[in-house]
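**Student:** I'd like to ask you about the structure that follows.
What follows is calculated from the coordinates using simple rules that are stated; it is not laboratory data. Source: prediction; values computed, not measured. Reconstructed Cβ throughout: ideal geometry from the backbone, glycine too, with neighbour counts over all protein chains shown.
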Amino acid sequence: MSRVYNFSAGPAVLPEEVLKEAAEEMLDYRGCGMSVMEMSHRSKMFEQIIGEAEADIRDLMGIPDNYKVLFLQGGASLQFAMIPMNLFKNRVGDYIITGQWAKKAYQEASKYGKANAIASSADKTFSYIPDCSDLPVSPDADYVYICENNTIYGTKFKTLPNTKGKTLVADVSSCFLSEPVDVEKYGMIYGGVQKNIGPAGTVIAIIREDLITEDVLPGTPTMMQYKTHVDAGSMYNTPPCYGIYMCGKVFKWLKAKGGLEAMKAHNEKKAAVLYDFLDQSRLFKGTVVKEDRSLMNVPFVTGDEELDALFVKEAKAAGLENLKGHRTVGGMRASIYNAMPIAGVEKLVDFMSDFEAKHK
Ligand SMILES: Cc1ncc(COP(=O)(O)O)c(C=O)c1O
């Protein structure tokens, strides 16, 4: 068996220990003679799996009791519609456009009411986070929406926007559990798990209780009401059982590693290896302003498309996979989520250094 260093933006690298444990339990989960994939979601075994998963994420993030934790399906993209359908009371949402995912959420919300783009970094290809200290927040806004870490462009909000008292809703798909968060600053935090937590197919939403009501937009399908899932403990219908089981294992792995403070330190150290190299390189250049750089997604270019393509090809041959930039941006992108070991980033930097010596 040989594993590559996988820099994919998602689905992405998972901790090897977790994969091994899941492999060991594949045919016979703890003596019950079947895989978690084959098990009734109403069984005692599965109840324990989902219960522990919720308790562990609550513990890791310090989620207060007045917030619900939901395990949902439909990808992060379904939330682009569920958020306005459930949270629109005045039918007004303020969006900060820092990339494609925020823009998609904004466009979806505009189907259901008035979505306002109150700030944007589109003028410089989303290479920075706009100043959000004094935004024109709408007096009747139901919420202010951000994509906290921009997977494609490699930017991250280091300071949350001043929402002037309005509820903050954040898509944290690509920075979930990468560092401590102060949950109380948000009305809702959500993300697809396929980047930092588990296999694609599960979405985790953490929502403050007062936002979960029956007062949703007319016509909102039952499956798209948060209250449906809250009332049924994420088991209104068959949940993504195997995904939840894997998320639960990653939560335990994170706890064993020292929790989110330790993860932040690990991620900062790891990202610094790559950013320090980029800052002194004469061939490769990071594309994001320094103060807004993501710890998770690191885009870079040589400035020559053919050289970029050669780099991606040769890196792959050297066991460094999925370094091609997003199709809309080009160049390269290294996604270095929690489970990427520092040795993977060091190997990447060594490879970049050799490539530079040959091509500069
Ligand atoms: C920040 C962010 N939000 C939303 C999405 C969309 O996620 P999904 O494919 O689960 O709908 C992605 C996917 O890459 C993402 O990076």
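**Student:** What does the helix-only formula give at 222 nm for the chain: each DSSP H stretch with n ≥ 4 adding -39500 (n - 2.57), the total divided by the residues, and the result rounded to the nearest 500 deg cm²/dmol? Intermediate values should be presented prior to the final figure.
**Tutor:** Numbers: 9 runs with 125 residues, N = 360.
Value at 222 nm, helices only: -11000 deg cm²/dmol.
**Student:** Lys124 to Val4: extension gain in nm, 0.36 nm per residue of separation minus the Cα-Cα distance? Intermediate results must be reported in sequence, preceding the final value.
**Tutor:** Numbers: separation 120, 0.36 × 120 = 43.20 nm, distance 3.40 nm.
Full extension of this stretch gives 39.8 nm more.
**Student:** Using the Karplus equation 6.51 cos²θ - 1.76 cosθ + 1.60 (θ = phi - 60°), what ³J(HN,Hα) coupling, rounded to whole Hz, does each residue of segment 215-232 give in order, writing x for Gly and Pro?
**Tutor:** Calculated HN-Hα couplings, in order: 7, 10, 5, x, x, 4, x, 3, 5, 9, 9, 4, 4, 4, 7, 5, 4, 9 Hz.
**Student:** According to the Kirkwood expression over distinct Cα-Cα pairs, how big is the hydrodynamic radius of the chain, in Å?
**Tutor:** For the chain, inverting the mean 1/r across all distinct Cα pairs yields 21.3 Å.
**Student:** Which peptide among 98-104, 155-161, 194-200, 257-263 comes first, and what is the full order, when sorted by highest mean count of other Cβ atoms within 10 Å?
**Tutor:** 194-200, 98-104, 155-161, 257-263
**Student:** Can you sort Ser110, Ser40 by how many other beta carbons sit within 10 Å, fewest first?
**Tutor:** Ser40, Ser110
**Student:** Quick check of the Kirkwood formula: for segment 179-264, what is the inverse mean of 1/r over all pairs of different Cα atoms, in Å?
**Tutor:** 14.7
**Student:** A further question follows. Can you spot the lysines whose alpha carbon is less than 19 Å from Lys252's alpha carbon? Ignore those fewer than 8 places along the same chain.
**Tutor:** Lys20, Lys195, Lys264
**Student:** Output the peptides 167-179, 82-94 sorted from most to least packed, where packing is the average of other Cβ atoms within 10 Å over each peptide's residues.
**Tutor:** 167-179, 82-94
**Student:** Of the cross-linked pairs Lys255/Lys347; Lys158/Lys269; Lys269/Lys358; Lys44/Lys257; Lys124/Lys358, which ones have a Cα-Cα span greater than 20 Å in the structure shown? Working shown, then result.
**Tutor:** Values: Lys255/Lys347 27 Å; Lys158/Lys269 17 Å; Lys269/Lys358 28 Å; Lys44/Lys257 28 Å; Lys124/Lys358 31 Å.
Lys255/Lys347; Lys269/Lys358; Lys44/Lys257; Lys124/Lys358, as the Cα separations exceed 20 Å there.
**Student:** Another question about this same structure. For the ranges 243-254, 334-345, what's the packing order if you count other beta-carbon atoms within 10 Å of each residue, average per peptide, and put the highest first?
**Tutor:** On the way: 243-254: 23.1, 334-345: 21.6.
In descending order of packing, they fall as 243-254, 334-345.
**Student:** Please list the non-local residues whose amide H lies under 5 Å from the amide H of Ile97, H modeled 1.01 Å from N, same-chain partners needing a gap of 5 or more.
**Tutor:** Ile118, Ala119, Ser120, Ser121
**Student:** Please report, to two decimal places, log10 I(q)/I(0) for segment 1-139 at q = 0.09, 0.22 Å⁻¹ as given by the Debye formula with identical point scatterers on the Cα atoms and no solvent.
**Tutor:** Summing over Cα pairs of segment 1-139 leads to -0.49, -1.33.
**Student:** Tally the DSSP beta bridges in the chain and give the antiparallel ones as a percent, rounded to 5.
**Tutor:** Antiparallel bridges: around 55 percent, rounded to the nearest 5.
**Student:** Right, something else. Grab the Cα-Cα distance for Lys269 and Glu21, subtract it from 0.36 nm times how many residues apart they are, and report the gain in nm with one decimal.
**Tutor:** 86.6 nm
**Student:** Please arrange Thr228, Thr163 by how many other C-beta atoms lie within 10 Å of their C-beta, fewest to most.
**Tutor:** Fewest-to-most ranking of Thr228, Thr163: Thr228, Thr163.
**Student:** Another question, if that's okay. So if I take the alpha carbon set of segment 203-360, get Rg, then get Rh from the Kirkwood formula, what is the Rg over Rh ratio?
**Tutor:** 1.11
**Student:** Short version: ³J(HN,Hα) in whole Hz for each residue of segment 75-84, in order, from phi by Karplus 6.51 cos²θ - 1.76 cosθ + 1.60 (θ = phi - 60°), x for Gly and Pro, what are they?
**Tutor:** x, 4, 4, 5, 5, 4, 8, 5, 4, x
**Student:** Full extension from Glu321 to Asp350: what is 0.36 nm times the residue separation minus their Cα-Cα distance, to one decimal in nm? Write out the running numbers ahead of the final one.
**Tutor:** On the way: separation 29, 0.36 × 29 = 10.44 nm, distance 1.48 nm.
Gain on extension, Glu321 to Asp350, equals 9.0 nm.
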